[in-house]
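Let me begin by presenting the structure, written as structure tokens, before commenting on it.
The values are calculated or read from the model by the stated rules, or taken from the named source; none is laboratory data. A quick note: this is a predicted structure, and the numbers were derived from the prediction, not measured. Glycine also receives a Cβ, built like all others from the backbone with ideal geometry; neighbour counts cover every protein chain displayed.
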Amino acid sequence: MTLFFRTFGAALLLAASGCSSSQVAAPDACPRVVVLNELSELVRFRPGRGRDLTDVEIQARFSGLSFGCRYDKEAAQVQVDVEIEAQRGPAMPASKAGFQYFAAVTNPAGQIVAKEIFDAEVEFKGNSTRLILADELVQRIPMLDRGTGPNWRVLLGLQLTDEQRDWVRQRQAR
């Protein structure tokens with residue numbers, strides 16, 4: 001399966017497909033796009049044992065999501081627009097930081113058939129402590145028709161270490 005296209009590549013792909021016989025689908029005919037709850041937030045602490053607010057280097061969380069799709073004779077093309085809010089913590093040593101997020105496609109049986117990890121880099125200028133990263137992804141899912149589209153999923157999440165995932169789980173359990 002073709003991997004996700006991102007940002008300007010996605011815009012070019014959409015422009016090219018506009019000349020074909022694809023049809024815009026109603027959202028309920030599209031594969032579902034969801035952010036996985038336990039992978040929706042990242043808190044990165046500075047090295048060491050401290051885990052309070054003064055030890056936070058960066059926080060990130062999904063803050064916006066929209067999607068749509070088009071069908072042609074051979075596939076569904078799903079466009080996903082994501083927003084990730086990043087916040088600079090008091091322990092962040094520089095103005096730039098990076099993290100990763102992923103998009104994966106699951107078939108009706110729940111098996112992952114495609115996954116791609118994306119690098120995100122943010123730069124906080126001046127006294128800025130919060131910003132929004134906007135990205136556009138396009139996934140083409142072959143041999144999919146309107147009847148089976150809603151049985152497929154596009155899953156989004158932040159790429160976390162085991163320690164980061166455990167911390168988020170504990171925080172969400174409170």
Residues satisfying the stated conditions in segment 36-83, i.e. within 12 Å of the chain's Cα centre (by Cα), aliphatic (A, V, I, L, M) and more than 17 Å from Asp119 (Cα to Cα): Leu36, Leu65
Filter result (modelled with pLDDT under 90, within 28 Å of Pro108 (Cα to Cα) and surrounded by fewer than 17 Cβ atoms within 10 Å (Cβ to Cβ)) within segment 125-174: Pro142, Met143, Asp145, Arg146, Gly147, Thr148, Pro150, Arg169
Residue tally, condition surrounded by fewer than 14 Cβ atoms within 10 Å (Cβ to Cβ) and not polar (S, T, N, Q), over segment 95-114: 7
Extreme residue, modelled with the lowest pLDDT, among residues of segment 53-94 that are in contact with a Phe, Trp or Tyr (Cβ under 6 Å, 6 or more places away or on another chain) and charged (D, E, K, R): Asp55
Residue in segment 144-151 that is in contact (Cβ under 8 Å) with a residue 24 or more places away in the chain and either part of a strand (DSSP E or B) or under 18 Å from the mean Cα position of the chain (by Cα) (or both) present: no
Sole exception among (1) in a loop (DSSP other than H, G, I, E, B); (2) in contact with a helix residue (DSSP H, G or I) (Cβ under 9 Å, 6 or more places away or on another chain); (3) crowded, with 16+ Cβ neighbours inside 10 Å for Met92, by number: (2)
